[in-house]
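A short write-up of the structure that comes next.
The values are calculated or read from the model by the stated rules, or taken from the named source; none is laboratory data. Since this is a predicted model, take the numbers as computed values, not measurements. All Cβ positions, even for glycine, are placed from backbone atoms using ideal geometry, and neighbour counts span all protein chains on display. We work out accessible area using only protein heavy atoms, side chains counted, and drop any ligands, DNA or RNA first. Shrake-Rupley method; radii C 1.70, N 1.55, O 1.52, S 1.80 Å.
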Amino acid sequence: MKTIRKRSFYGLNNLKTLFIPETVAYNGIDYRVTGIEYYAFYDCPALLSVKIPNSVTTIGPLAFYRCSALTSIEIPSSVETIEYNTFEECGALESIMVDENNVAYDSRNNCNALIETATNTLLRGCENTVIPHSVTSIGNNAFDDCITLTSIEIPNSVTVIGDAAFSCSGLTSIEIPNSVTSIGSGAFSGCEALTDVMLPHGIICIGGGTFRNTPWYKKFSYDDDGCLYINNILFEVNSFLEIKSSFKVKEGTVAIAGDAFYSHSNTIKTIEIPNSVKAIGHSAFSYCYNLSNVNIPDGVTIIGNEAFCCTGLTSIKIPNGVTRIGYETFSGCIALKDVEIPNSVTSIDRFAFYNCSSLTSIKIPESVKVIDGEAFDGASIEKVYITDLSAWCKMDYDGYVRMGDVYLNGEKIVNLVIPDDVKELNNRCFEGNTSITSVKIGDNLEYAGHCFDGCNNIAEIYIESKDYLGVDNAFEYNVKQNATVYLPKGQKDDYKYTFNPNNIVEVAHTLKYVIDGDVYKTESLGFGETISSINPIKEGHTFCGWEELPATMPNNDLTVNASFKVNQYTVTYLINGDIYKTETYDFGAAVLPIENLQRKGYTFSGWSQTLTTMPAMNVTIKIKITNEINKSNGEIKTLLLKEIREYVSI
């Protein structure tokens with residue numbers, strides 16, 4: 001046994017104490033207990049205490065749900081994950097402690113609470129809890145059923161109070177600080193002694209039934225339009241009053257609470273919302289079947305889950321500022337044909353447009369990073385319009401997303417080229433796309449999930465990675481068997497079990513070496529092969545290298561040009577063996593002529609050679625001069641250079 005399985009102790013009315021061992025033996029083998037699954041101790045009303053061993057890493061959702069007599073909890077250092085509502089309706093809790101060595105959760109400052117360290121969210125409290133000033137959120141059901149909790153101070157660090165956070169507790173009064181901007185559904189519902197509430201002025205989002213069935217809430221009455229406003233928040237519309245088909249929310253209203261119009265499914269057809277509204281709560285207009293026209297003001301930044309579920313809307317423009325389209329926000333809007341999603345939205349949640357059967361196309365802005373797999377389930381999406389292919393490929397899809405053909409900047413994608421900056425091709429991004437006929441995967445891709453499920457018309461696949469890329473799950477079986485697959489040279493064996501080897505084509509590329517416009521040499525190399533070093537010789541020049549020649553062959557044909565530097569050479573003039581003059585020239589440059597020496601009484605033998613252009617070598621040119629007078633006396637005297645310089649000018 002590695003985990004305590006779900007419902008293992010469900011409904012054991014007489015179970016009072018429980019010790020969970022770190023290991024259990026079965027058939028002679030010791031097993032380490034690492035988890036407590038959901039509902040494991042569900043509805044054990046007599047359970048007073050439980051010892052969780054330091055081997056447990058995960059506690060599942062609702063694991064101790066309705067353990068109404070449980071007085072203390074100790075979380076060991078080993079626990080890494082505590083799922084939602086684990087201790088819901090454990091109203092008798094008096095002590096909550098987390099081991100100081102736990103890195104995921106804490107009970108900072110001996111606060112008698114369970115806090116998620118990374119998010120500073122208080123997950124579970126009790127009658128003795130002191131909320132630390134570092135806590136920013138009070139989680140769902142954190143103090144539910146704490147009937148002995150009559151008062152508590154919420155610090156001004158808290159911005160969010162979750163669903164049912166204090167429901168059915170013994171609170172008699174509560175001061176909610178101005179830092180709080182959101183209060184969840186039923187947060188204080190059923191607090192039968194709650195007579196005094198101080199609401200913050202900055203609140204912009206409030207759930208349905210937040211203060212339902214409390215004496216404080218019952219103090220307020222409906223206005224002439226059948227609306228209940230508190231602190232410029234529209235809490236609800238009188239369910240017993242038939243309102244007009246065209247409804248106008250009062251000017252100055254900052255929020256419409258959850259469930260506000262829930263009961264007026266057959267009457268309201270159009271609604272006018274003032275610009276002052278910042279948030280629309282969950283289920284605010286859900287099941288208003290005849291609501292066909294609503295203009296959401298630009299100032300709205302929050303639209304709650306199921307806010308317009310099952311309405312008669314035909315079109316909707318979501319304001320720029322909304323970042324999330326929540327769970328079932330427009331679910332069941334069967335007449336909805338036109339949706340405008342702004343570039344501020346980052347996520348589209350599960351069932352957001354579920355069963356919007358008239359919705360045939362959708363434009364997804366590049367800001368969207370997450371689309372739940374069932375966001376458009378039941379819709380009739382045939383065309384998806386995008387402006388950024390990289391953003392679309394990088395998006396996180398959770399579940400099955402069959403959304404039809406994808407259009408990039410208005411043009412249907414048929415020959416898909418995965419952008420170079422995409423390293424992971426996530427699941428479902430092109431699922432069900434029957435228009436794609438070819439896919440080209442570049443060298444930078446590192447992972448490809450179930451991205452082409454249902455893309456049965458892919459006939460050509462180009463894989464350019466020089467390293468093996470696992471694409472076993474990326475393509476349908478019939479595509480892997482029938483498509484022609486182009487691979488870099490030498491990689492056929494790597495993919496012979498992924499694709500039909502008879503349809504694999506290995507691709508080599510041509511490398512051309514060019515010198516002065518003429519092809520010097522060609523080679524055929526596979527992608528990623530090492531390029532050998534070639535050092536050509538050119539008369540009168542020094543080879544400097546090949547321009548932009550990579551170390552390995554790229555995934556394309558390549559032409560490279562040689563780079564040379566012209567050499568310089570020297571002309572040396574000698575007279576009677578001594579250096580008379582030197583000149584330096586580039587190879588092939590014109591050499592300046594030098595005049596013959598002439599003077600009465602001297603004989604010049606002439607220069608030993610004449611140059612017109614500089615050759616690829618150093619050159620020495622000689623001359624001999626003799627004195628005629630000495631020659632007549634029978635003596636031939638070779639003059640020294642310094643003597644000649646005194647009498648001869650050139």
Checklist entry - Does region 268-281 contain at least one residue that is closer than 29 Å to G162 by Cα, in contact (Cβ under 8 Å) with a residue 60 or more places away in the chain and not in a loop (DSSP other than H, G, I, E, B)? => result yes
Next on the checklist: For region 114-136, check the following and say yes or no: at least one residue is among the small types (G, A, S), in contact with an Asp or Glu (Cβ under 7 Å, 6 or more places away or on another chain) and over 22 Å from A279 (Cβ atoms).
Outcome noted: no
Checklist outcome for this item: Over region 376-405, the set of residues modelled with pLDDT under 85, open to solvent by less than 70 Å² (accessible area, probe 1.4 Å) and not in a strand (DSSP E or B) is M395, G399, V401, M403, G404
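Condition check ((1) outside any strand (DSSP E or B); (2) more than 24 Å from I461 (Cα to Cα); (3) touching a residue at least 12 places away in the same chain (Cβ under 8 Å)) across all residues:
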residue: D494; (1), (2), (3): yes, no, yes
residue: T498; (1), (2), (3): yes, no, yes
residue: Y520; (1), (2), (3): no, yes, yes
residue: G528; (1), (2), (3): yes, no, yes
residue: I534; (1), (2), (3): yes, yes, yes
residue: I537; (1), (2), (3): yes, yes, no
residue: E548; (1), (2), (3): yes, yes, yes
Item to check | The listed residue being part of a loop (DSSP other than H, G, I, E, B), in contact (Cβ under 8 Å) with a residue 40 or more places away in the chain and open to solvent by 30 Å² or more (accessible area, probe 1.4 Å), out of D443, D472, D421 | outcome: D443
Item to check | Number of the condition not met by F452 [criteria: (1) surrounded by 20 or more Cβ atoms within 10 Å (Cβ to Cβ); (2) on the phi > 0 side of the Ramachandran plot] | outcome: (2)
Item to check | Every residue from region 168-207 that is part of a strand (DSSP E or B), of a type in the set (S, T, Y) and modelled with pLDDT under 95 | outcome: S182
Checklist entry - Would you call I463 farther than 27 Å from T329 by Cβ, among the aliphatic types (A, V, I, L, M) and buried (at least 20 other Cβ atoms within 10 Å of the Cβ)? => result yes
Checklist entry - All but one of (1) touching a residue at least 40 places away in the same chain (Cβ under 8 Å); (2) within 40 Å of the chain's Cα centre (by Cα) hold for I154; which doesn't? => result (1)
Next on the checklist: Going by what's in this entry, would V98 be described as surrounded by 15 or more Cβ atoms within 10 Å (Cβ to Cβ), hydrophobic (A, V, I, L, M, F, W, C) and within 37 Å of the chain's Cα centre (by Cα)?
Outcome noted: yes
Next on the checklist: Looking for something closer than 30 Å to G490 by Cα, polar (S, T, N, Q) and in contact (Cβ under 8 Å) with a residue 24 or more places away in the chain - is there at least one such residue anywhere in region 595-614?
Outcome noted: no
Checklist entry - In region 518-533, what count of residues is obtained for those that are surrounded by 15 or more Cβ atoms within 10 Å (Cβ to Cβ) and either acidic (D, E) or farther than 26 Å from L487 by Cβ (or both)? => result 3
Checklist outcome for this item: Taking region 350-364 and keeping residues buried (at least 18 other Cβ atoms within 10 Å of the Cβ) and not small (G, A, S) leaves R350, F351, F353, Y354, N355, C356, L359, I362, I364
Next on the checklist: For region 275-295, give me each residue that is closer than 23 Å to T210 by Cα and open to solvent by less than 60 Å² (accessible area, probe 1.4 Å).
Outcome noted: S276, V277, A279, I280, G281, H282, S283, A284, F285, S286, C288
Checklist outcome for this item: Scanning region 550-589 residue by residue, those open to solvent by 60 Å² or more (accessible area, probe 1.4 Å), assigned to a strand (DSSP E or B) and either on the phi > 0 side of the Ramachandran plot or modelled with pLDDT under 90 (or both) turn out to be D578, I579, K581
Item to check | Candidates V79, V50, V56 - the one that is out of contact with any Ser or Thr (no Cβ under 7 Å at 6 or more places or on another chain) and open to solvent by less than 50 Å² (accessible area, probe 1.4 Å) | outcome: V50
